[in-house]
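One structure is given below, encoded as structure tokens.
The values are calculated or read from the model by the stated rules, or taken from the named source; none is laboratory data. No experiment lies behind these values; they were computed from the predicted model shown. So basically every Cβ, Gly included, is an ideal-geometry build from the backbone, and we count neighbours across all protein chains shown. Ligands, DNA and RNA are excluded from the accessible area calculation, which covers all protein heavy atoms including side chains. Shrake-Rupley method; radii C 1.70, N 1.55, O 1.52, S 1.80 Å.
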Amino acid sequence: MTTAAWSVYLSSPNGFLLSSTVSGSRICDQTIPFLPRLFQRFPNLTSLDLTRFSIYGDIDALLYQISTFPLNLKTLKLSHQSTIPADGLRALSKKITTLTSLTCSNVVSLDDLGLISDCFPFLEELDISTSSKSKFVEIDNIDVGSKTMLTLLPKLRKININGPSYIKYDSLLFHLCKNCEFLEEVAIFNCFLLTHNGIASAIRERPGLRSLSFTKIGELGNVTDELLSSIAEEGLPLRRLVLCGCYRYTYAGIFNLLSKCQSIQYLDLQRAHFKDCNFVELSLFLVDLVSINISKCSRLTIVTLSALLRNCSKLSEVRMEGTGTNIDKMSVENSSTLMNLVVNPQLKSLHLARNIWLTEKHVDMFASFLPNLQLLDLRSCSCISENVIGLVLKRCSKIRQLSIVCSPRLEPLRMNFKASTLEVLNLSGSEIDDKSLDVITKSCFGLLQLDLAYCDNITEKGVRQVIENCTRLREINLESCTKVAVDVVDSMVFIRPTLRKITVPPSFICTESKWKLFLRLGCLIC
């Protein structure tokens, strides 16, 4: 069965398609002739994602066909191709000169950099990361490749570098910072042979760097206190700092850097070995912080979250998943830190999945201080029951997306209010039953997406109640809902014509004729 799957990421107010994904898992050579209709229908398209397309079709032929349309493409993603589509890129570059962002991870070698810079000399963003040794040339050629690229990419502003452990990247990073006068963002992933001296000498060449990302998954990380001190001494106008999985720096090093660079807006310290008391102090320096990711920090708890909410008034997003695994749960429950909270109207997204220390009392209290919260993720928090759904929806009147894996209550769930703003509800893996589901969906009648995957207590009765209650529903996931009778699927699209995607329960058999029927009705069966 051959289909063309297009996912709209962003639509303008006038309805024009601005960005689209071509899913390589669903497009092959036979579908290419049908793509012109889409390009003709959406002439304002600016972004294309062709990741993994070459596995199922001729990527060169597709790029050539795209080049025949008067598109103003700005972003192109070509990751995970079997080889660099040289002919297709040359054809595309002759007709489309507006491209400023190219992602070709796990495709290019350093030998291909000349091709890229020749085709798209006005690139501002480039991702050349790779995890495959076969995609890189010998170390001796790295200077040649980097110099060739950099002399022909004068407008480069952002680059993502990632490669196998045997490549020495000191030279490449140095040339980047020395020759690209507009360079602001550098992301370095898994470059094991990149040295402290190499990084320090490179950033001295580009004092205007606003974003540094170091991600290291291994026994040793290249980020040390000495390196952080070097960055602090340079006085870089950092807005973004990522130290994900870097183990060799200590609290003293990050304290030194953050105390001198207090304009950071995005901070990622995943897996850092800091205590709550450390983060209480660090939060005082983060006056401009907008987003933070401290997931998998095993010694952080509600104390850190409270300090961030209290001291970082511009904070819009917190990612704090899987934390506090090395902390006594009783000490967290007895903490009185939430008593010092103040209203934080800026916070929009709060990701707290997999936190075993989180209780319903915690959720109830901090929800009271977050009036504009729009996204809350409480998946796999063992102390959370379905009661929290009502608490959150009542406290946070603007919430649009809620994810929770909840356990059942002893008393029947009651929600005597309407939560019309909630659009996405993820209950996958919950022990919720038909009665509670009916109560929830009657209150949350504006749902667009509902995920019930692996909800073993839901039956076809509960599904029918959802379809009746949620008049705008577009997507529902019934994967592994073993008690849902398969015949309910046939009636769902007719009862609720707004449905666009149904992930069916086990044992549902979709014939080609039935699949085509649903597709004509505008609904995709998965």
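So the values come out like this:
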quantity: Stretch gain in nm, segment ASN197-LEU284, where the contour uses 0.36 nm per residue and the Cα spacing is subtracted; calculated: 28.3 nm
quantity: Computed FRET value (nearest 0.05) for ASP456 with THR75, which takes r as the C-beta separation and R₀ as 41 Å; calculated: 0.45
quantity: Unsatisfied cross-links (Cα-Cα over 29 Å) in the set LYS314/LYS398; LYS95/LYS516; LYS314/LYS361; LYS398/LYS514; LYS158/LYS314; calculated: LYS95/LYS516; LYS398/LYS514
quantity: Solvent-accessible area per residue for segment 385-525 (1.4 angstrom probe, square angstrom); calculated: 47
quantity: Computed FRET value (nearest 0.05) for ALA252 with PHE122, which takes r as the C-beta separation and R₀ as 35 Å; calculated: 0.20
quantity: Cubic angstrom per residue, convex hull over Cα atoms of segment 420-526; calculated: 75
quantity: Peptide ranges 355-365, 427-437, 281-291 listed from the most packed, as the mean C-beta count within 10 angstrom indicates; calculated: 427-437, 355-365, 281-291
quantity: Solvent-accessible area, 1.4 Å probe, carbon plus sulfur percent, for segment 385-525; calculated: 50
quantity: Relative counts (whole %) of C-alpha pair distances in segment 223-294, using bins that are 5 Å wide; calculated: 3, 17, 31, 31, 16, 1
quantity: Accessible area (Å², 1.4 Å probe, nearest 10) - THR98; calculated: 40
quantity: Additional length obtainable on full extension of the chain from GLU512 to THR471, 0.36 nm per residue less Cα span; calculated: 12.0 nm
quantity: Nearest-10 value in Å² for the accessible area of THR511, using the 1.4 Å probe; calculated: 70
quantity: Extended-chain gain in nm, criterion 0.36 nm per residue less alpha-carbon gap, ASN44 and LYS435; calculated: 136.1 nm
quantity: Rounded to whole Hz, the Karplus (6.51, -1.76, 1.60) HN-Hα couplings of segment 477-485, x for glycine and proline; calculated: 10, 10, 4, 6, 7, 5, 9, 8, 5
